[in-house]
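In what follows, a single structure is set out as structure tokens and then discussed.
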Amino acid sequence: MSYYLAIIGTTDSPIYECEFGTHKQGGDGTSKFSPEMKELNPFILHSSIDIVEDIQWQTNSMFLKSFDEFHGPGTGSTSTNVNYYISGFLTSGNVKFLMIHDNSVYKNEDSIKQFFMDLNDLYVKTLLNPFYKVNDVISSSVFDLKVKACAKKYL
Amino acid sequence: MAIQSLYIINKSGGLIYQTDFPLPTNSSTSTSTTTTTTPSLTRLTANDYLVLAGTLHGVFAIASRLTPTAVKLTKTPPPSSNILPSYNNSGLRCIETEQFNLYIYQTITGLKFMIITTPTVADLNYATDVAETAMKSCYEVYSDYVMKDPFYELGMPIRGKAFERRLWELIVGK
Amino acid sequence: MSQPSDIIQVSNPTQTSTKSALKGGYNPSLGPIQLPTSYQAQLASTASSKRNIYDHSLSRRAPEVNLSSLSYIFNVMIQYSQKNSKGIQELEGKLNTLGYSIGPKVLELITLREGKNAKREIKLVEILQFIHTQVWRTLFGRVADELEKSSEADDEYMITDKQPLMSEFISVPKDMGQLNVNAFVAGIIEGILDVCYFQASVSAHTVETPGCPNRTVFFIKFDRDVIERENLRFHK
């Protein structure tokens, strides 16, 4: 299983991106996206922002589970297409955490939710840094490490 | 013993605040009179108050030079309960007369709080304690409502409404 | 005779340039890159050597700040803004800007601390109630006194605080006229509303009543679009 995560600021520009794979079932934590998918990922997420902006006015909840799908090239050399799902999390300040994952969310909905909650915690900590302004790129390597540690813990 | 007047004098002898308080009336007579808010002292001209403050500042300085070393209060650390100790160790501390009593409290920065009260009938030590507590409370109000005001310039006359209001709440109770 | 050891030191690749080459973190011009796990382990060991902002817990029970410290820092903020502005309006604008950047940060922190009950506010009245209660309680330890809708216009709301904490010790001199230092708090409100997509301009006005000389009304005027969107979505 592979994941592509992006944090989108309030002006729809990414302020953080990362790619990782599962650590469950003997995974080593690296993503197995095919080269085509690696290039497509940012575009898929970008197109799903429209959907987020529509449903964010219909629900109070922060977690948006598998609100979008994408049928795209599969992993490795096999050319069969597979389904990708997009889940999201909206903070109260309308910063979007969006994630592409290639497994059905029904199996690990809770762990994705938990992952987003922890990510929110990390994001708020970044925000409390007086030198950080809303919508600045998060370039901290510690943040990067903590996100990957969360991924390892839940996904 | 009732507080009749408060003077605040800065470290260079300038008067930065002066006000007179009304004498408290007994509850039995308060229904008949409405003069509770009129100060009990005759007002002088603004210049006279400045002169008074300046004179007092001078007398205070002379008094601290005249005080024999043996009589000076030792600077022992105050007990833990005694916050905001008076730094008036060697100067003029009180004047007792038949018309009025006068007490002086000095802060660590040389700011002086001076109150004039009606003459005391009880013993002087007790009256000094009461006066010191009152001046300490004034100092507290000063440090909150004057020192935390961004529009107040150090050493200048105090014009803040909030300070005046709190002071009257403290002394007059309304 | 000491030459051989020198040569060994220079040509020892394991000890040189490892630290400078390690540069983790997101770089927008590179996109997501995956460092080898060995690199990550090294990074983790260097990063964990000192305690940083990510190691602190955000869920403290009673996050209180000394009122004197707050007053003094606010004091300096006002004096600094006053020094750099030409008039009352510019001063209020500067204070508003200072508060504005705090708004989103406070908002996110409050929602995070609510834990499981956290939700996003999508209705205009609800976000105002949120500011009136939760935000006020977090910032000032009590809820604001009143929340009213203007009887004249449908895009105007007012939050009233009878005794604002920030201006408790402050006496505005006569020549400063209508200045209200709560413009800073107004900025915080504006920041919160803007980041929730309820664009508004917020200003603070002193409206004295007997017994409450510092009573402040925060006047909130929403953008026309916000009201129209609200009507379309929730009052069909």
Can you pull out the residues in the stretch A:7-31 that are at the interface with another protein chain (Cβ under 9 Å from one of its Cβ atoms), in contact (Cβ under 8 Å) with a residue 12 or more places away in the chain and part of a loop (DSSP other than H, G, I, E, B)? A:Thr10, A:Ser13, A:Gly29, A:Ser31
Some residue of the stretch A:94-109 being under 14 Å from the mean Cα position of the chain (by Cα) and exposed (fewer than 15 other Cβ atoms within 10 Å of the Cβ): yes
Among (1) closer than 21 Å to C:Ser68 by Cβ; (2) assigned to a loop (DSSP other than H, G, I, E, B); (3) within 14 Å of chain C (Cβ to nearest Cβ); (4) at pLDDT below 90, which single condition is B:Glu169 missing? (2)
Just checking, does the stretch C:225-232 include any residue being in contact (Cβ under 8 Å) with a residue 40 or more places away in the chain, more than 14 Å from chain B (Cβ to nearest Cβ), among the aliphatic types (A, V, I, L, M) and more than 18 Å from C:Ser81 (Cβ to Cβ)? yes
Single match in A:Ser47, A:Ser87 (criterion: more than 11 Å from chain C (Cβ to nearest Cβ), surrounded by fewer than 16 Cβ atoms within 10 Å (Cβ to Cβ), of a type in the set (Gly, Ala, Ser) and under 30 Å from A:Lys133 (Cα atoms)): A:Ser47
Could you check, for the stretch C:84-100, whether at least one of its residues is over 15 Å from the mean Cα position of the chain (by Cα), in a helix (DSSP H, G or I), within 9 Å of another protein chain (Cβ to nearest Cβ) and surrounded by fewer than 20 Cβ atoms within 10 Å (Cβ to Cβ)? no
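For A:Ile55, state whether it is of a type in the set (Val, Ile, Thr), over 13 Å from the mean Cα position of the chain (by Cα), more than 9 Å from chain C (Cβ to nearest Cβ) and closer than 30 Å to C:Val135 by Cβ.
When the stated conditions are applied, A:Ile55 passes them.
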Evaluate the following for B:Glu132: is it part of a helix (DSSP H, G or I), more than 12 Å from chain C (Cβ to nearest Cβ) and either at pLDDT below 90 or within 30 Å of C:Pro164 (Cα to Cα) (or both)? yes
Have a look at C:Val195, C:Val185, C:Val202, C:Val181 and point out the one that is away from chain B (no Cβ under 13 Å), over 30 Å from A:Ile55 (Cα atoms), β-branched (Val, Ile, Thr) and crowded, with 18+ Cβ neighbours inside 10 Å. C:Val185
Looking at (1) buried (at least 22 other Cβ atoms within 10 Å of the Cβ); (2) away from chain C (no Cβ under 12 Å), which one does A:Tyr154 not meet, given that it meets all the others? (1)
Looking at (1) within 14 Å of another protein chain (Cβ to nearest Cβ); (2) assigned to a loop (DSSP other than H, G, I, E, B); (3) more than 21 Å from B:Gly54 (Cβ to Cβ), can you tell me which one B:Leu154 breaks? (3)
Would you confirm, using the coordinates I've provided, whether B:Ile108 is exposed (fewer than 15 other Cβ atoms within 10 Å of the Cβ), outside any helix (DSSP H, G or I), modelled with pLDDT of 80 or more and in contact with a strand residue (DSSP E or B) (Cβ under 8 Å, 6 or more places away or on another chain)? no
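Here is a yes/no grid of residues against (1) of a type in the set (Phe, Trp, Tyr); (2) within 18 Å of the chain's Cα centre (by Cα); (3) under 15 Å from C:Ser203 (Cα atoms):
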| position | (1), (2), (3) |
| --- | --- |
| C:Asp154 | no, no, no |
| C:Met158 | no, no, yes |
| C:Phe169 | yes, no, no |
| C:Pro173 | no, no, no |
| C:Met176 | no, no, no |
| C:Val181 | no, yes, yes |
| C:Ala186 | no, yes, yes |
Exactly one of A:Ile44, A:Ile15, A:Ile49 is in contact with a Leu (Cβ under 8 Å, 6 or more places away or on another chain) and not acidic (Asp, Glu), and that one is A:Ile49
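The values are calculated or read from the model by the stated rules, or taken from the named source; none is laboratory data. It should be emphasised that the depicted structure is a prediction, and the values quoted were computed from it without experimental measurement. Ideal geometry is used to build each Cβ from the backbone, glycine not excepted, and the neighbour counts take in all protein chains shown.
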